[in-house]
Amino acid sequence: MPPIKWFTDIEKSCLLTNFEKRGWQRGSEGMLLAPDTSSGSSSSDSCVVANRESLSTDDWNFYWAAPGVHNFRAIMSPESGYRLSDAQIINHFPNHLELTKKDLMVKNIKRYRKEFEKDKERMAQTRYQYIDFLPTTYTLPGDYNLFAEEFRKNPSAVWIMKPTDKARGIGIFIINKLNQIKKWSRDNKMQWSYANCKDTYVVSRYIDNPLLIGSKKFDLRLYILVTSWRPLVAYRHKQGFSRFCAVKYNLDAEELDNSFMHLTNVSIQKYGVRELDALPRQKGTMLTIALGQEDYNENNGGKWSFKNLVLYLQAAHGHEATQRLLDEIDSILIHSLRAVQSLMTNDKHCFECYGYDIIIDADLRPWLIEHCLINDIINLVVPEDLADAKCGKGGVAGKTKKDWGEFVLLQDDATSDKARRSRTPA
Amino acid sequence: MILATVAELYDEVEQHVGLERNRFREESELDALAEVFAEQIQSTSSFWIERKRLTESVLKQASTPQELERLVVKAFGDPSGFHGQVDNFTVMWHRRHVAQSMSIAPADNSGDGSGGVIEMQLRAAAISLNTLVLRRLNRMSIEMSTPLARRRSVAEEAAFMASSDNEYTAELPSSLLQNDCFPSKGWGQDMPKTCLCDDADLLEAVKAVGMRAQAAAGQLSASQTQQPKQGKQHRHGGYDKFWTCLSVSTQTTSLEEFRMRFSELHPQFKHIGLDDTLESEALTGPNPGDVFVAAHIEVAEAALASGSSRAARQLAKHGIPPSLRPRLWDLMLQSDMTEDYSVHVARTYTRLKVMASRYDLLVDRLVRLDAKHASNDDGYFVFEDMVREVLLLWTRDVWMRRVLPLDPTNALGSNNNWSIDSSPFPPSGVLPVWGIALYAMPVCFLHGSAGHAYMTFREMYARYFYNLHTVSARPGGLFHLCQTFETVLKQADAAVYYHMATTLGLEPLDLVFKWILYGFVGVLDCEQVLLLWDRVLGYDTLELLPVTAAALVVFRRDQILQADSVQLVQVCACV
Ligand SMILES: Nc1ncnc2c1ncn2[C@@H]1O[C@H](COP(=O)(O)OP(=O)(O)O)[C@@H](O)[C@H]1O
Ligand SMILES: [Mg+2]
């Protein structure tokens, strides 16, 4: 069996060491993109067309791509005529934005929830009953009137504004008065330039009673790996963690702009972690700090392992309450995947890892905050045998738990479908 | 009546703590003890509350004197009622006061009075440690030009109370902030530390026991006559002395005895921390681990309902499910008879908090500094404030002074007569050892509130940790534990011992001393530490620590045997 060949456009040592550890070899990208890297400005289409003949020369099994960059789009674009062979896999689905862009995610989950609640039969079948996990959210400026109406119904509520196309807390602010977001109101709508609609925001009900530990707010980061959308096959990594704010929490109005108190991802910056410039404005880059080997911060960096959190919750809130919380978290994971299941391009060459941000409130109820793409913690998101498995050397499903390392199977429709099918004729 | 119950209970107590029966064979001695217990019990408020309740209910039901007697006996017999409380109280009281006064015996216990000699040698070591600590304390006071204690002004007091969670660092000179030594990262071995006494000082003190006598008298008599003593206590002088870094040998428990005493730890039983993580091979269906946890929780609930600290301890030997740990630990530790435990906690907490605001103690600076251990550890950083608060309460708790067998020759627990405003310094009578925060850290996993965490901490400190900080002849004291480690390791795996001590020149005790001293905090992961401490509470002995240390060394034996440098051993022995 030839060794697996890897290729990446994120030359980070945490990735490279990981490939090496797995005994994989550096592959090459072939001719496809070579002209582009030199000329830089030439449009992607022309470049792909120009190189169509040489496509077959590329030589990799495992491509760890940055989704925003040109290479990835070129490969996944239907016009490119690019064909992946059976022995090639890539770490993104082409339209992951359905899940990872804040406004699209909200739209999809809202729609899914309506369908789900209508479908009584389906509801009865699943053990995942917790579906109301998204804080009330509107897209601005589009839903401004709806939002204003909701706001007036409950004028003491606090809301959080988040740009749809940014990450790492950039552009986020908390509001408790409507006039703070006048800019997005109807009167101003006309001046809005929809053409390059840069300033789209989502506004969400702020979870103002988060569970505090040591008087500090925290959120939960969990990792999910999807290897197939239809049927859905997804895994959860055992090693999530919680990220703690640097400052003790309170809801005083004059502290609403203190991001060290309210935004759990900002605290990471305060702990003095290097900015990562490999992928500017790429969602999830801060995560490398979390567990990517080389960027691991020796001091705690405000991160507490999921295991410790559960240990603490067990003692503080008891077995049952903790178990219910964990089940509800699983419910969030499953339903949010189901919400986009039918929309995703189900390319068998693709797999993808998502980071989930979840906030637990004081009543021990989990809320989904967002999904983001995971780009550079391969050791965490790719099971040892994934490449073998997907490169036509036997499926992942149907293997025993031992082979998954730190992964737990979250959902496997492939196996359960098969099981159902084999049961029917009997 | 109560005296009879207590006398009867005392019998059980005696068995339970594994006292040698003959120590108290004298009937009169037993009676005397029962009287002491009864007096103690009557000094608790809940005795009177309970008595009133019982009297009322019994008088209401009984119509004849005979029936009255029957009812009283029945009421006492109810294990979940008063009987149980008295039981718990007696066990605890015995543990605190009687067991503390016992002494370890020398290895060659032929009645030649060498026991007295060893005790003297231990005392001498304790005195020189004491001198060292006091010298440092005075120097610190001079260097920082701070008195040992200072009454705060009213304004300062208010500021202290207002600062949330004692983040009152105004008095902490910034030059004192040490950031880079913390347990999980190897304790910053060579960092200069601001402390009165650290692990190295303690190790040195332990090694110094009997050293001078040995030097003077040449080789200490190594007469290892191997005649097993009558009864359970074997001697195994055969293992003593052929390599060791200690100069005196005392009786320790052999591996065989440990196997008997800790028989519940045998893998034939199911354990929390092991069997609860079992996953089924099948993709679906319940995990055997979950099934076990569910069953174990049921048993644990029953133990809780019974209110018996004895039942709780029996259960703890197999580990405690995390969800029930706070309550079961309380049951094992908090047997002070109080009418309402939460009220008791709140009252103690408030009282100590006020004390903390009133005085600025020199040792506060040390414990504040020490609390930084937590902030630098990725398992405990969320509890930094709580750890600091717990330690600040601890330094002024006169309760410590009451329950600890304080000894003027032990600086870390001495009745030194400094007094400030006519109250002694520090109020607790205990000076903090470097790393004191480590003991408070795991406790925070159990209790969300500083008050409850503190109560657990102080009880654990009084029962166990104090013994780790003093050189004494107590069984379960630091010296005894070190010796136990050496003996067990030699017996369990002489090859590893030899390889380390002779080939590598690394005394095994040097490697594991910190593990034992800090109860494995910072060595094992938080969850593992709690699982180990479950068992320590269950068996009510620190001897599990050296046994665990030896077990870990044996567990890593292959790596250790392959290692050809001390550094390599240190790396591979760390779990
Ligand atoms: N609805 C909310 N309630 C409370 N806190 C929130 C809410 N939404 C976001 N946050 C906080 O803001 C942080 C950043 O929000 P997130 O949606 O994850 O945006 P980003 O893309 O910047 O990571 C989160 O980690 C969380 O701490
Ligand atoms: Mg986020």
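The values are calculated or read from the model by the stated rules, or taken from the named source; none is laboratory data. Keep in mind that this is a model prediction, so the values were computed, not measured. As a convention, Cβ positions derive from the backbone with ideal geometry for all residues, glycine included, and neighbour counts pool all protein chains shown.
Considering only residues that are away from ligand 2 (no atom under 16 Å from the Cβ) and within 12 Å of chain B (Cβ to nearest Cβ), look in segment A:247-270 and name the one that is modelled with the lowest pLDDT.
Checked segment A:247-270; the qualifying residue modelled with the lowest pLDDT is A:247.
Out of B:300, B:294, B:346, which single residue is within 12 Å of chain A (Cβ to nearest Cβ), more than 18 Å from the chain's Cα centre (by Cα), among the hydrophobic types (A, V, I, L, M, F, W, C) and within 20 Å of residue B:443 (Cα to Cα)?
On the way: B:294 fails: within 20 Å of residue B:443 (Cα to Cα); B:346 fails: within 12 Å of chain A (Cβ to nearest Cβ).
None of the others qualify; the one that does is B:300.
Go through segment A:225-246 and count every residue that is within 16 Å of ligand 2 (Cβ to nearest atom) and touching a Leu at 6+ places or on another chain (Cβ under 6 Å).
Qualifying residue count for the region: 2.
Restrict the check to segment B:492-511 and report whether at least one residue is assigned to a helix (DSSP H, G or I), farther than 23 Å from residue B:433 by Cβ and within 14 Å of another protein chain (Cβ to nearest Cβ).
Let us first name the residues in segment B:492-511 that are assigned to a helix (DSSP H, G or I), namely B:492, B:494-503, B:508-511.
In the following step, the residues that additionally are farther than 23 Å from residue B:433 by Cβ were identified as B:492, B:494-503.
Within this subset, residues satisfying the condition of being within 14 Å of another protein chain (Cβ to nearest Cβ) are none.
Looking for residues that are assigned to a helix (DSSP H, G or I), farther than 23 Å from residue B:433 by Cβ and within 14 Å of another protein chain (Cβ to nearest Cβ), one finds none in segment B:492-511, hence no.
Working carefully through the options A:148, A:167, find the one that is crowded, with 18+ Cβ neighbours inside 10 Å and either outside any loop (DSSP other than H, G, I, E, B) or within 14 Å of ligand 2 (Cβ to nearest atom) (or both). Before you say what the answer is, go through the steps one by one.
Details: A:148 fails: crowded, with 18+ Cβ neighbours inside 10 Å.
Of the residues listed, the single one that is crowded, with 18+ Cβ neighbours inside 10 Å and either outside any loop (DSSP other than H, G, I, E, B) or within 14 Å of ligand 2 (Cβ to nearest atom) (or both) is A:167.
Across segment B:356-391, what is the number of residues that are under 20 Å from residue B:455 (Cβ atoms), among the aliphatic types (A, V, I, L, M) and more than 7 Å from chain A (Cβ to nearest Cβ)?
Number satisfying all stated conditions: 7.
Give me the pairs: first residue in segment A:307-327 and at the interface with chain B (Cβ under 8 Å from one of its Cβ atoms), second residue assigned to a loop (DSSP other than H, G, I, E, B) and charged (D, E, K, R), beta-carbon distance under 9 Å, and six or more apart or on different chains, which are they?
Matching pairs, first to second residue: A:307/A:238; A:307/B:525; A:308/B:378; A:308/B:525.
Out of curiosity, is residue B:536 within 28 Å of residue B:88 (Cα to Cα), among the hydrophobic types (A, V, I, L, M, F, W, C) and within 14 Å of chain A (Cβ to nearest Cβ)? Quick ask: steps written out before the conclusion?
Values: within 28 Å of residue B:88 (Cα to Cα): yes; among the hydrophobic types (A, V, I, L, M, F, W, C): yes; within 14 Å of chain A (Cβ to nearest Cβ): no.
When the stated conditions are applied, residue B:536 does not pass them.
Name the residue that is farthest from the other protein chains (Cβ to nearest Cβ), counting only residues in segment A:143-173 that are away from ligand 1 (no atom under 11 Å from the Cβ) and polar (S, T, N, Q).
A:145
Return yes or no: is residue A:204 modelled with pLDDT of 85 or more, away from chain B (no Cβ under 14 Å) and within 14 Å of ligand 1 (Cβ to nearest atom)?
Yes; evaluated as a whole, the condition is true for this residue.
Provide a single number: the residues in segment B:554-572 that are in contact with a helix residue (DSSP H, G or I) (Cβ under 6 Å, 6 or more places away or on another chain) and part of a helix (DSSP H, G or I).
At the first step, the residues of segment B:554-572 found to be in contact with a helix residue (DSSP H, G or I) (Cβ under 6 Å, 6 or more places away or on another chain) are B:554, B:556-557, B:559-561, B:563, B:569, B:572.
Keeping just the survivors that are part of a helix (DSSP H, G or I) gives B:554, B:557, B:559-561, B:569, B:572.
Final tally of qualifying residues: 7.
Sort out which residues of segment B:512-533 are part of a loop (DSSP other than H, G, I, E, B) and among the hydrophobic types (A, V, I, L, M, F, W, C), and write them in order of number. Reasoning before the result, please.
The first filter runs over segment B:512-533 and keeps only residues part of a loop (DSSP other than H, G, I, E, B), leaving B:518-520, B:522-523, B:525.
Hits for segment B:512-533 are B:520, B:523.
Please specify each residue of segment B:181-210 satisfying the condition of being at pLDDT 85 or above and of a type in the set (A, V, I, L, M).
Just the residues of segment B:181-210 that are at pLDDT 85 or above, to begin with: B:196-209.
Within segment B:181-210, B:196, B:200, B:202, B:203, B:205, B:206, B:208, B:209 meet the criteria.
For the structure I just gave you, tell me whether residue A:132 is assigned to a loop (DSSP other than H, G, I, E, B) and either surrounded by 19 or more Cβ atoms within 10 Å (Cβ to Cβ) or at pLDDT 90 or above (or both). Spell out the reasoning first.
Working: assigned to a loop (DSSP other than H, G, I, E, B): yes; either surrounded by 19 or more Cβ atoms within 10 Å (Cβ to Cβ) or at pLDDT 90 or above (or both): yes.
Yes: the conditions hold for residue A:132.
Hey, does segment B:376-391 have a residue that's under 21 Å from residue B:198 (Cα atoms), acidic (Asp, Glu), modelled with pLDDT under 90 and part of a loop (DSSP other than H, G, I, E, B)?
There is at least one residue in segment B:376-391 that is under 21 Å from residue B:198 (Cα atoms), acidic (Asp, Glu), modelled with pLDDT under 90 and part of a loop (DSSP other than H, G, I, E, B).
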